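Read the figures in this text as sums done on the coordinates, not as results from a lab. Given the structure is predicted, the values throughout are model-derived calculations rather than measurements. FYI the Cβ positions are ideal-geometry reconstructions off the backbone, even for glycines, and counts take in every protein chain you see.
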């Protein structure tokens, strides 16, 4: 029963991604033509390569979808899956981390990320969370800023 | 006889205590820098170059070489333990090394990496000493047409990287090619697919893309511990050493990877990435049992690491024999040469034999030191895996973000890294392999630049590729390989009832 579900899921994923390649590839090819297939000397222009890459994507995607539809085994692999809550939560956390780096800088954002990922999501003991946060931030500062002399962003606290 | 005499003299130079100390320092610094995602040998060498001004040129170049090899090994550490390729040349190491880690063989994977690198160091030095200058001359004969032919040959690697699903593999490769197109056109400076974002004008940094695709992408896809990941890997010295079957599996693959890696490494611009991928693909192509590949193949890991290390020695050849840097690292080294008052070129072997042969001997000593360091430190490195998976994945995300930022000191690169992680996640949901995307990214820029250069130089259009002997030879080899692959694939096709349970092809 599970394999039937997986096969259907894979079939759907194959067909969706394959069909999505058609407009994406078409847009890339069109942009290639707009950039110029030839340059003013008659040789390959800036759009030559993008045109062919886009055309190949536009042609390859539907073929992939068609193969998935035709094949009795629903394509050529398995293991396709639906996004689960844990994955979406991890993606949300990553997005929040990116926004936080812009606002409060790298160290505070990283500390907040550790607290959220380890304290609230993984539910580790708080002393462990705080220890990992402190040690990691110190190591980051030591390696990147002190030894390699690469200043990490401080967001709104830049002047401090 | 002269060769042995020169080599003995070089060995004597390299074994001077001061040189030993600096090669050790270089290897340690290189390993630490290489283990940090996003930081690579050119960064470390550029940062340490001012320190070497007060040293003897021979001591200074020996230290630089130590950093170079050390960073290669450092890359292997992050690739094997965390699945993060510190540099593009570690993609194949991630595929097999991280798979071995998931099977509880992290210590063995690190040992195999170090042993294969050491073997490659020895083999690379032998080739360097014996046929170095003629090979460098041959490398100079490589024009744009030959590079295009070589890249076409590299396309034969695709099936090796993707396993099953040829159409998905091609689509993934095209996605990689498209991403490589982003940025200013190299010939006309027209902005392509930049969406008016100034940060995209210089294109997508390869390292940032790879960190996102492999490192953070993996965390997004598996936020909790993978079921087959050994929860705690308490590695003892005797457990980290490869078994007899591992030794048998890796002996010829290391040799093949070393020779192929060296040859590709001597070509300016080709670099360790293509060398490692080509060595890996060759191994998979000729393997009798392909089922282990992408699931922790010893042959694949040994070949990739040998190719990677040997290419770094090969890249020294055009630098010393011709004064042409073949990679970013050797370009920084060339700057050092000029500052130290040395003029690399064909006369270097005659004018400064102690320098050249000292450097050659230090390659062996540096690799031997790395092997010893690995033996002593692998249990320590592998302890990282004893951390709870949630801690490990959070560390990967934060250190990858720092590494992505360090590439160009730009927050936009952190966003790019996250974007690539999301792309990898979506592709994995659709069961589309990631490795061909990386190959497309690596080869895209090279292919377009050389194709356009070749056609601009040609009076006969596409015929340039068959008019030049080296290019024609490579194209014939490519066609033979494709024909052989198609033939063996047809012959080996099992009956429908005998098809084994398919496996995930997420990498």
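Quantify how strongly other chains surround peptide B:168-174 by giving the mean number of their Cβ atoms within 10 Å of each of its Cβ atoms. Mind dumping the intermediate values first?
On the way: counts 10, 1, 5, 10, 0, 3, 14.
Going residue by residue through B:168-174 and averaging, the value is 6.
On alpha-carbon atoms, Rg over Rh for region B:257-345 using Kirkwood Rh? It would help to have the intermediate numbers written out before the result.
Numbers: Rg = 15.4 Å, Rh = 13.5 Å.
For region B:257-345, the value is 1.14.
Pull out a ≥ b ≥ c, the square roots of the eigenvalues of the alpha-carbon gyration tensor of region B:420-461, then state rounded if a/c is under 1.5, prolate if not and a/b is larger than b/c, and oblate in the remaining case. Walk me through the intermediate numbers first.
On the way: a/c = 5.27, a/b = 3.88, b/c = 1.36.
Prolate, because a/c is 1.5 or more and a/b exceeds b/c.
Among B:147, A:107, B:69, what is the fewest-to-most ranking by other Cβ atoms within 10 Å? If you can, show how the numbers build up before the last one.
On the way: B:147 23, A:107 20, B:69 29.
The fewest-first ordering by Cβ neighbours comes to A:107, B:147, B:69.
Any idea how far apart residue B:426 and residue B:480 come out in nm if each label point goes 7 Å out from Cα toward Cβ?
Each label point is offset 7 Å from its Cα along the Cβ direction, giving 4.3 nm.
Under 1.5 on a/c is rounded, so check that first for region A:96-160, then, if it is not, pick prolate when a/b is larger than b/c and oblate when it is not; a ≥ b ≥ c are the square roots of the alpha carbon gyration tensor eigenvalues. All intermediate terms of the calculation are to be shown ahead of the outcome.
Working: a/c = 2.81, a/b = 1.45, b/c = 1.94.
Verdict is oblate for region A:96-160.
Using a simple spin-label model with points 7 Å from Cα along the Cα→Cβ vector, what separation in nm is obtained for residue A:22 and residue B:412?
Those two pseudo-labels are separated by 3.4 nm.
Can you work out the FRET efficiency for the pair residue B:288 and residue A:154, with r the C-beta to C-beta distance and R0 = 60 Å, to the nearest 0.05?
On the way: r = 56 Å, r/R0 = 0.94.
Computed FRET efficiency for residue B:288 and residue A:154 comes out at 0.60.
Students often get this wrong: which residues of region A:43-57 have the backbone nitrogen under 18 Å from the point 7 angstrom along Cα-to-C-beta of residue A:30?
Zone members listed by number: A:47-48, A:50-57.
Ignoring everything except DSSP H segments at least 4 long, calculate the 222 nm mean residue ellipticity for chain B; use -39,500 (n - 2.57) per segment, divide by total residues, nearest 500. Kindly include the intermediate steps, with their values, before the conclusion.
Values: 23 runs with 346 residues, N = 507.
One gets -22500 deg cm²/dmol as the mean residue ellipticity at 222 nm.
Determine the shape class of region B:328-424: with a ≥ b ≥ c the square roots of the Cα gyration tensor eigenvalues, call it rounded for a/c under 1.5, and otherwise prolate if a/b is greater than b/c, oblate otherwise. Walk me through the numbers on the way to the answer.
On the way: a/c = 4.34, a/b = 1.64, b/c = 2.64.
Judged from the Cα gyration tensor, region B:328-424 comes out oblate (a/c at least 1.5, b/c at or above a/b).
Please state the equivalent ellipsoid semi-axes for chain B: what are the square roots of 5 times the Cα gyration tensor eigenvalues, largest first, in whole Å? Working shown, then result.
Numbers: eigenvalues 208, 160, 114 Å².
In descending order, the three semi-axes are 32, 28, 24 Å.
Sort the following peptides by mean Cβ neighbour count (other Cβ atoms within 10 Å, averaged over residues), highest first: B:79-91, B:114-126, B:446-458.
Details: B:79-91: 28.1, B:114-126: 24.5, B:446-458: 19.0.
Output ranking for B:79-91, B:114-126, B:446-458: B:79-91, B:114-126, B:446-458.
Once R0 is set to 56 Å, what does the formula 1/(1 + (r/R0)^6) return for the Cβ-Cβ distance between residue B:368 and residue B:196, expressed as a FRET efficiency to the nearest 0.05?
Details: r = 53 Å, r/R0 = 0.94.
The calculated FRET efficiency here is 0.60.
Mark the label point 7 Å from the Cα of residue B:130 along Cα→Cβ and return the residues of region B:258-296 whose backbone N is within less than 14 Å of it.
Output list for this probe position: B:258-260, B:262-263.
When you count, for each residue, the other Cβ atoms within 10 Å and take the mean per peptide, how do B:195-204, B:415-424 rank with the highest first? Display every interim value, and only then the final one.
On the way: B:195-204: 13.5, B:415-424: 22.2.
Final packing ranking: B:415-424, B:195-204.
Mind giving me the nanometre distance, one decimal, between the label points for residue A:123 and residue B:376, set 7 Å out from Cα along Cα→Cβ?
Placing both labels 7 Å beyond Cα along the Cβ direction yields 4.4 nm.
Averaged across the residues of A:114-121, what count of C-beta atoms belonging to other chains lies within 10 Å of each residue's C-beta? Please list the in-between numbers first.
Details: counts 5, 1, 1, 9, 6, 0, 0, 4.
For this peptide, the per-residue mean of nearby foreign Cβ atoms is 3.
Given just the C-alpha atoms of the protein assembly as shown, how large is their convex hull per residue in cubic angstrom? Let's see the in-between values first.
On the way: hull volume 111.9 nm³, N = 667.
Spread over its residues, the Cα hull of the protein assembly as shown gives 168 Å³ apiece.
Which whole number gives the average count of other chain Cβ atoms within 10 Å of the Cβ atoms across peptide B:408-417? Don't skip to the answer; put the middle values down first.
On the way: counts 0, 4, 1, 8, 0, 0, 7, 5, 0, 2.
If you average over the peptide's residues, the count of other-chain Cβ atoms is 3.
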